[in-house]
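Before any comments, here is the structure.
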Amino acid sequence: MKLIQTVAAIGLSLLLGACSSMAPATRPAGWAAPETLVPPSAFHGVHGLAVDAKGRLLAGTVVGNNMWEVDRKTGAAKVFIAAPEGQADDIAIGPKGELAWTSYLQGILRVRDSDSGPTRIVAKDLPGMNSLAFDPKNGKLYGSQVFLGDALWEVDPSGAKPPRLIAKDLGGFNGFEVGPDGQLYGPLWFKGQLVRINPATGAVTVINSEFKIPAAANLDGKGNLWAIDTRTGELAKVELASGKRSIVAQLATSIDNLAIAPEGTIYVSNMADNAIIEVDPTTGRSKTLLSGKLAVAGGMKLGAGSLWMADTFAFRRIDITSGAVTDLLRMQASDLEYPSIVGIGAKQLALVSWFTGSVQLIDRATLKTAAMLHGFKAPYDAIPMDDGSVLVAEIATGNLLRVSGADFKERKVVASGLAGPVQMVLGKDGAIYLTEAAGNLVRVDLASGAKTVLATGLAMPEGLSQTPWGSFIVAETLARRLTEIDPANGSRRVVAENLPIGLEGGPGLPPPYMVTGVAVGDDGTVYLSADRNNAVLKIKPRH
């Protein structure tokens, strides 16, 4: 009932917003200092957890490329290993205090023997290197590929020997541990099972099959396997001997991994909330150690008095007055595909994922999926048009496509040769205005496909929005500033500087990486998503 009321309220706000009108703002003399609308947070999605020999809680991020250290008493977080080396999907502690972690997007497994020791790459060229664990008795190291691969390996911690394939096509052997018997215990993500795997033979034994999407499991040394279900948000205890499952705590969906401290406290990560939750295994009571309002502040558009945000692990609505954030869809609890960009049309929203090459169309009235389109080559923006077609900008091809027809199977090139199209908006004159990673602001005539360059020399321009008086506000992420550009003569002025934008990606990733979103309200207020710290900023005009 609460969800129905929320959807109804959002639908009403869209209707009222569409029906309201006001006189457009005039060009201001300048802008005030940025204000915080949504506060910043640690992490950019949080995944693997581990408590090391010193009692430190370590947390891994993939999108943010950092490994973090979290104070278990206060929740204060600081970067422990910086990007790009620190990219960590999972973290493991060896019997001698070694630290090992998987760099998922890089296909690498890294090890270091001490805080001051060098880091060595012990496995590489394994796409989707996801989870890992040491055998606490003999120091053997195991790692698994999930999503971008599906295999289990034994990895030499010294890096001297190549990895040994144990098994493949398992069904996604995710966050796992090695038991005192030398067997591997963990979940099969795509099969809903907890299993035991013999590392010598690859033989799989099913322990429990009652999960929707089991994401990770840890042993407690008392004959139990603790596991989380990312779709349901449940933390469960499973008896190894019988396979009996007991739900101990109900948490939010999108939980990703867990770690058990020596005294028994269970820590659970939530990728959509940038949260780490502390759970008492005896009582099931939970408390949030730290969290954020957004996971990865990314592509953002303004419509009907709200900001619509695609933050990789969720789709959210932000109230432009209060900054209140409302969850609309969350990863694993819905059909989201890691969207980091949002486009807006009169009747639909488009959630865009360059990672999966997809465009997901959302009905603005019901906030339900209207269509899921695949097969794009690194799409970086999309606009649902009034005629039912969708414009899609592909950074990998430099094409602007119009997608239409039955099941959107017709794909026509509107403009080609674009120099890295990043973000686009439909201008007041009916043309498309877009930023190019090469440093340009351009206009594309939809009828002819002709491109006109309006400004050059911009420092990695990403998000843009047209002002009520006709100019464009552009985020220059390499320069960490917002710039106003007059399309008539190319003149510029600075809106704000020294902004927390321009999050860097890793090797082989698209240069814009996570998009900095820009939106301008009817009163001339500028809104900015800050991808370096997950804040949303509000910059008011000064007249």
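The values are calculated or read from the model by the stated rules, or taken from the named source; none is laboratory data. These numbers were taken from a predicted model, which means no experiment stands behind them. Here Cβ is always computed from backbone atoms with ideal geometry, including for glycine, and neighbour counts include all displayed protein chains. Remember, those area values only see protein heavy atoms, side chains included, never the ligands or the DNA or RNA. Shrake-Rupley method; radii C 1.70, N 1.55, O 1.52, S 1.80 Å.
Quick notes on this one:
- Filter result (over 22 Å from LEU235 (Cβ atoms) and either open to solvent by less than 70 Å² (accessible area, probe 1.4 Å) or of a type in the set (Asp, Glu) (or both)) within region 159-195: GLY159, PRO163, ILE166, ALA167, ASP169, LEU170, ASP181, GLY182, GLN183
- Evaluated against (1) free of Cβ contacts under 8 Å to residues at least 24 places away in the same chain; (2) open to solvent by 60 Å² or more (accessible area, probe 1.4 Å); (3) farther than 30 Å from TYR104 by Cα, ARG480 falls short on exactly one condition, (3).
- Top-ranked residue of region 101-121 - restricted to ones that are open to solvent by less than 10 Å² (accessible area, probe 1.4 Å) and farther than 14 Å from GLY48 by Cα, ranked as nearest to the chain's Cα centre (by Cα): GLY107
- The set of residues in region 205-231 being free of Cβ contacts under 8 Å to residues at least 60 places away in the same chain and of a type in the set (S, T, N, Q) consists of THR205, ASN208, SER209, ASN218, ASN224.
- Odd one out for LEU152, checked against (1) under 26 Å from ILE260 (Cα atoms); (2) open to solvent by 10 Å² or more (accessible area, probe 1.4 Å): (2)
Residue by residue, here is whether (1) under 23 Å from ALA304 (Cα atoms); (2) outside any loop (DSSP other than H, G, I, E, B) holds:
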position	(1), (2)
VAL495	no, yes
ASN498	no, no
ILE501	no, no
PRO511	no, no
GLY524	yes, no
LEU528	yes, yes
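- Per the listing VAL390, VAL422, the residue uniquely touching a residue at least 40 places away in the same chain (Cβ under 8 Å) and in contact with a helix residue (DSSP H, G or I) (Cβ under 9 Å, 6 or more places away or on another chain) is VAL390.
- Among (1) modelled with pLDDT of 95 or more; (2) of a type outside the set (A, V, I, L, M); (3) over 30 Å from ALA123 (Cα atoms), the one test that THR26 misses: (1)
- Taking the criterion of being part of a loop (DSSP other than H, G, I, E, B) and either open to solvent by less than 10 Å² (accessible area, probe 1.4 Å) or among the hydroxyl-bearing types (Ser, Thr, Tyr) (or both), the only residue of region 122-134 that qualifies is GLY128.
- Just one residue in the set GLY233, GLY223, GLY243 is open to solvent by less than 20 Å² (accessible area, probe 1.4 Å), over 26 Å from the mean Cα position of the chain (by Cα), modelled with pLDDT of 95 or more and not aliphatic (A, V, I, L, M); that residue is GLY243.
- Of all the residues in region 528-543, those that are in contact with a Leu (Cβ under 7 Å, 6 or more places away or on another chain) and open to solvent by 10 Å² or more (accessible area, probe 1.4 Å) number 3.
- Looking only at region 181-195, and only at residues there that are among the hydrophobic types (A, V, I, L, M, F, W, C) and assigned to a strand (DSSP E or B), the one that is nearest to the chain's Cα centre (by Cα): LEU188
- Residue pairs whose Cβ atoms lie under 9 Å apart, sitting 6 or more positions apart in sequence or on different chains, and linking a residue in region 287-299 that is farther than 16 Å from ARG317 by Cβ and modelled with pLDDT of 95 or more to a partner that is open to solvent by 10 Å² or more (accessible area, probe 1.4 Å) and assigned to a strand (DSSP E or B), are LYS287/ILE277; LYS287/GLU278; THR288/ILE277; THR288/GLU278; LEU289/ILE277; LEU289/GLU278; LEU290/ALA77; SER291/ILE277.
- Residue count for region 306-321, restricted to those that are charged (D, E, K, R) and not in a strand (DSSP E or B): 1.
- Search result, residues across region 426-459 that are open to solvent by less than 40 Å² (accessible area, probe 1.4 Å), assigned to a strand (DSSP E or B) and over 20 Å from ALA396 (Cα atoms): LEU454, ALA455
- Residue in region 301-313 that is among the basic types (Lys, Arg) and under 13 Å from the mean Cα position of the chain (by Cα) present: no
- Residue list for region 276-305, filter: open to solvent by less than 10 Å² (accessible area, probe 1.4 Å) and closer than 17 Å to ALA535 by Cβ: LEU294, ALA295, VAL296, ALA297, GLY298, GLY299, MET300
- Region 42-78 - residue that is over 25 Å from MET331 (Cα atoms) and part of a strand (DSSP E or B) and, of those, least open to solvent (accessible area, probe 1.4 Å): VAL51
- Any hit, region 248-263, residues being over 26 Å from the mean Cα position of the chain (by Cα) and part of a strand (DSSP E or B): yes
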